[in-house]
1. Go through the cysteines of the chain and tell me which have no other cysteine Cβ under 4.7 Å away.
2. Amide H of HIS212 versus every other amide H placed in the peptide plane: which residues, excluding those fewer than 5 positions away on the same chain, fall under 5 Å?
3. Name the residues whose placed amide hydrogens come within less than 5 Å of the amide hydrogen of LEU243, ignoring near sequence neighbours (fewer than 5 apart) on the same chain.
4. Rounded, prolate or oblate: pick one for region 1-79, where a ≥ b ≥ c are the square roots of the eigenvalues of its C-alpha gyration tensor, a/c under 1.5 means rounded, and failing that, prolate if a/b is larger than b/c, else oblate.
5. Given H placed 1.01 Å from N in the peptide plane, which residues other than close sequence neighbours of ALA106 have an amide H under 5 Å from its amide H?
6. With each label point set 7 Å from Cα along the Cα-Cβ vector, what nm distance links ASP260 and TYR358?
7. So if I take the alpha carbon set of region 431-477, get Rg, then get Rh from the Kirkwood formula, what is the Rg over Rh ratio?
8. Under 8 Å for C-alpha pairs, at least 6 residues apart: give me the relative contact order for region 34-142, rounded to a whole percent.
Amino acid sequence: MISNIVRTRFAPSPTGYLHVGGLRTALYNYLFAKRNNGKFILRIEDTDRARYVEGAIENLISTLKWAGLYFDEGPGVEGEFAPYLQSERLNIYKEHAEHLIKEKKAYYCFCSQERLNELREKQQKEGLQPKYDKHCLGLSKDEVEKKLADNERHVIRLNVQPGENIIVDDVIRGRVEFNSDVVDDQVLIKSDGYPTYHLANVVDDHLMKITHVIRGEEWLSSTPKHILLYDFFDWEKPVFAHLPLLLNPDRSKLSKRQGDVAVEDYRAKGYLKEALINFVALLGWTAGDDKEFYYLNELKEKFSLERVNKAGAVFNVEKLNWLNAEHLRKKENSEILILLKEELSGSKYKNQNYTDEYLLKVIEAMKERVIFVKDYLEKSPYFFETPGEYDESVAAKRWKDNSPELMKKLVEKFQKLENPVKEDYENTLKETAAELEVENGDLIHPLRLAVSGIGAGPGVFDIVDILGKEESIKRINKAIELIPQSSTIKS
Ligand code: GLU
C-alpha cells in the first residue's frame, strides 16, 4: 500500500462547466474517501492551454461546494502537496521527463508535423494502426545535443517496448489486458514545454500519494500508458476503478445534443443539490437493496466501489424529478419557506409582502403537488395574484347557468362569518347547498374556479381559508362578473 490513509482525487480539466458525469466522479471519490476516513483532493489539470477557459476553475470549485463536496486539499485549501494546479508544477514534470530520458525510457523527438502527417497517412493506407515509428530514437547523443542547442522544436516521447502484456487490475472491471504493440510512443512533454495529461497525471498521483484512482471509463484506454509510466519510474501503482459510461435513455452516450449535461443547467432549472447528488450517486451504484432515497451523509456510510456496476448507467430525468419532489417534500416547512422567499424575490411578485404565516400555509397546501420550488408559483399563482382569466374548459364544464346565483348566495353567507376557520367555510357551503336543494358540487366547482381560475389544486376550503374571507369574496364577485354563462362559453 502506498499510504495507509486513503487519498482520492478529482482531477478535472477546466474546460468550461462541470459535467454531470464529472459530478458523479467527484462524488464517488468524495464518498470513497469519507467512507474510509481518508482525504479527498481537488487537482486542476490545466496543462492543455488550447482548451483553457477563463473562469472555469472558479466555476468548478463553486459548483462542487454548492453540491456539498468540500475537498480536504486543493486550490484555496492548500495542503502538504501544493500547488494543486498543474500549470504551477511545470518544473516537476520536466524533471521527471528528463529522468526518464536518462533511463532511456523516454526520448527527444524533433519530427515535424509534416513528417508525422505523412507517416500517419502512409500507415493508414497500409491498413496499419497510426503510431510513431521511433525515428528519433535512432538519433545519436551528439545529434540530439546539437538540435537542443539549436533550439529545434521538439517533444519528449515515451519509449514503449513492443510485445509486452500490460495488465490493468480494475476494481470495477476486473483484469483488463492490453498489448504494448497498440500503445503509441506517447508524447510526455509537448513542444510548448507543457506536459501531456498522461505524464502530469501519473506524476501527480504518485507525488500526491493518491491511493485510489476513480474516474470515468473513457480513461481506461489511457491506463496502459499510465501503468508503463509507473513501471518506468519504479513506483507503486494506485488502485484503479473506472466508472461506467453515462447513457441517454436510448443507450447512446450521454451527450449535450440530447439534453443538459452541465450541473449548472440543472441548478438553474431549480433542482435541489440533495436531489442531484442522490441521483448521480445511483448512476452506477446501488446499496444492494431497493432503497433509492439518500442524503449525502447516508451515502458516506454506505458507499463502496465493490457495488459499482460496470454496465452503462442510464440518465433518466423522470427519476431525477421524482427525487427532487421527494427531497423537497421531506424538508421542514421552515426550510422550504426560505427557498420560496428566494424564488418570490426573483419573480414578478417580488414587491408584494407576504407574511411567513401566509407562505407557510401555502407550503402546507401545495407540498404534495410540487416537484420544484418554482412550482409553488407556477402551479398555484392564485396564492400570489387574483386570477384575471379562467380556464375555459373548466368553465364550460363547471360554470352552469345557475352558478352566478349560487355564488351570490354563498357570498351572502360567507359575509356573515366572523373570524372563520376552514371548517366554517365548509359547513356554510354545505348548509347553503342543502337550503337551495342543490348538490355540494354545484357550489364547490364554481367556487374553486372563481377563487383559483383553474380546476385542480389543493382542497377548495384550504384555498379559501388561506386567501381569507375578504379576498375570497372579492374573487367570487369578480368571477360572477367575468365568467360568461355556460351557454355562451365555447368549450
Ligand atoms: N483531467 C482528466 C479529466 O479531465 C482527469 C482524468 C483522470 O481522472 O485521470 O477528466
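1. By the Cβ distance rule, which asks for a partner under 4.7 Å, the isolated cysteines are CYS111.
2. HN-HN under 5 Å from HIS212: ARG7, VAL239.
3. For LEU243, whose amide H was placed from the backbone, the distant partners under 5 Å are ARG215, GLY216, GLU217.
4. Numbers: a/c = 2.03, a/b = 1.66, b/c = 1.22.
Here region 1-79 falls in the prolate category.
5. Hits under the 5 Å cutoff: ILE101, ASN159.
6. So the two model labels end up 3.0 nm from each other.
7. Here the Rg-to-Rh quotient is 0.97.
8. Values: 69 pairs, mean separation 23.4, N = 109.
It rounds to 21 percent for region 34-142.
Values in this text are rule-based calculations from the coordinates and carry no lab data. For clarity, every value in this text was computed on a predicted model and none was experimentally measured. So basically every Cβ, Gly included, is an ideal-geometry build from the backbone, and we count neighbours across all protein chains shown.
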